[in-house]
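Nothing in this text is a laboratory measurement; each read-out follows from the coordinates by a stated rule. Model, not experiment: these values are computed from the prediction. A quick note on method: Cβ atoms are made from the backbone with ideal geometry, for glycine too, and the neighbour counts reach across all protein chains shown.
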Amino acid sequence: ATTTLECCVFVISDARVAAELKEAAARGVAVRLITDDKTALDGGSQVFGMASAGVETLVDPDYELKSGTAPVPRHMHHKYAIVDGRVLLCGSYNWSYSASARNNENCVVTEDVYLVAKYSAEFERLWREFKAAAPLSQQQAAIRIQQIERGNRERRRFAAMARSHRAANVFDVARSAMDIASPGNRKRGRG
């Protein structure tokens, strides 16, 4: 890409792909990314790192469609990119390590003007819809979510450590109680 790179993908967890997108943004390519809100929070997701590095990022709004009486989660499930407004990459290929190393995937690369125009129109429609639903810039939101997630992970880690310390303290108290009640201690008048 030399001018624009518009990516609309469900998953980005391949660090090599993320590095390429960040590098393109750093050299002045206007990189825009639309992805799924749920997969953006998955372990290994590269979305927040790209947003922090300046890749303009939007995630689908977290709302559900009504199907009869039960809500149905909505996902942004596309997998395509438009390079410089003239080349389309699309297919089943998620931008993950598994897709590149293990899965059976497909990716079509075409310069067909009709297809590029249709996918570009869909990208712009989603961009407008998701941007209107976002109360602050997606970079700010992504960075905040990342900070919240890091904080949550730290709280869980400290809570686990505290539980471990409490268990160790209970063991120490129990051992002390056993020492006091042991027959050897009774001879010394402690029990």
How much length, in nm to one decimal, is gained on full extension between GLU122 and VAL87, taken as 0.36 nm per residue of separation minus their Cα-Cα distance? 11.1 nm
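Report the gain in length on full extension from HIS75 to ASN103: 0.36 nm times residue separation, minus Cα-Cα distance, nm rounded to one decimal. Don't skip to the answer; put the middle values down first.
Details: separation 28, 0.36 × 28 = 10.08 nm, distance 2.10 nm.
Full-extension gain reported as 8.0 nm.
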Quote the FRET efficiency, to the nearest 0.05, computed for ARG27 versus ARG156 with a Förster distance R0 of 41 Å and r equal to the Cβ-Cβ distance. 0.60
